[in-house]
1. What's the total number of residues in the range 164-179 that are touching a helix residue (DSSP H, G or I) at 6+ places or on another chain (Cβ under 8 Å) and free of Cβ contacts under 8 Å to residues at least 12 places away in the same chain?
2. Name the one entry in 80, 44 that is in contact with a helix residue (DSSP H, G or I) (Cβ under 9 Å, 6 or more places away or on another chain), farther than 20 Å from residue 109 by Cβ and in a strand (DSSP E or B).
3. Which of the residues that make up the range 120-136 are in contact with a helix residue (DSSP H, G or I) (Cβ under 8 Å, 6 or more places away or on another chain), in a helix (DSSP H, G or I) and within 7 Å of ligand 1 (Cβ to nearest atom)?
4. Every residue in the range 43-83 that is closer than 14 Å to residue 102 by Cβ and more than 17 Å from the chain's Cα centre (by Cα), please.
5. Identify, please: which residue in the range 134-157 is farther than 18 Å from residue 121 by Cα and touching a residue at least 24 places away in the same chain (Cβ under 8 Å) and is, among those, surrounded by the most Cβ atoms within 10 Å (Cβ to Cβ)?
6. Just one of 129, 120 is within 10 Å of ligand 2 (Cβ to nearest atom), free of Cβ contacts under 8 Å to residues at least 40 places away in the same chain and under 14 Å from residue 35 (Cα atoms); which is it?
7. Does residue 157 meet the test of being part of a helix (DSSP H, G or I), away from ligand 1 (no atom under 16 Å from the Cβ) and modelled with pLDDT of 85 or more?
8. Quick one: how many residues across the range 137-148 are within 14 Å of ligand 1 (Cβ to nearest atom) and at pLDDT 90 or above?
Ligand SMILES: [Ca+2]
Ligand SMILES: [Ca+2]
Ligand SMILES: [Ca+2]
């Protein structure tokens, strides 16, 4: 009996050790991403990659990963890098405001939401979020969650950036109802349906924009 139970225990241990489950991902499953990286045109950029940490070594390549989302401009998988237990899924484009991205990693589903400025994670960006940010600034927070412009500091500049987000997307914007394609931007005669805090010089945020109408 002792031998038999020892054998069963050993087999179970082998089975457990050979199975590589996801330990964590970054961004993590269910996360509302509130901080927004801004590019040189003040375009609001969400994450462009996801790190996956496994409990045991395994291989992972681009064919194992599928992306889908609630917008028409879903990123694709550009590449998967890394070896052993840590792999990084690179997207072909950044997540955009209001995007809910479903990442199917070899059958494991991870959903993340990019709601700029939504610090309490309730699906909108309103005065409650403004208060949370103001308290973070006055309290000397070091959290990267509040560092909207990614300059390494949480200060009044981030509060101004937060104001820009709310002005651009609407006061009290409800991200769950947000349709990216409602925002157009006309630059040098061509319209794109990207969301930007401020469009490049000479462009218009009105829809349809001129000289070319938005689709
Ligand atoms: Ca909120
Ligand atoms: Ca709210
Ligand atoms: Ca900052």
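The values are calculated or read from the model by the stated rules, or taken from the named source; none is laboratory data. What you are looking at is a predicted structure, and each value in this text was computed from that prediction instead of being measured. All Cβ positions, glycine included, derive from the backbone under ideal geometry; neighbour counts span all protein chains shown.
1. Within the range 164-179, residues that are touching a helix residue (DSSP H, G or I) at 6+ places or on another chain (Cβ under 8 Å) and free of Cβ contacts under 8 Å to residues at least 12 places away in the same chain number 0.
2. 44 is the lone residue from the list that is in contact with a helix residue (DSSP H, G or I) (Cβ under 9 Å, 6 or more places away or on another chain), farther than 20 Å from residue 109 by Cβ and in a strand (DSSP E or B).
3. 129
4. Scanning the range 43-83 gives no hits.
5. The selected residue is 149.
6. Working: 129 fails: free of Cβ contacts under 8 Å to residues at least 40 places away in the same chain.
From the options 129, 120, the qualifying one is 120.
7. Values: part of a helix (DSSP H, G or I): yes; away from ligand 1 (no atom under 16 Å from the Cβ): yes; modelled with pLDDT of 85 or more: yes.
In short, yes.
8. 1
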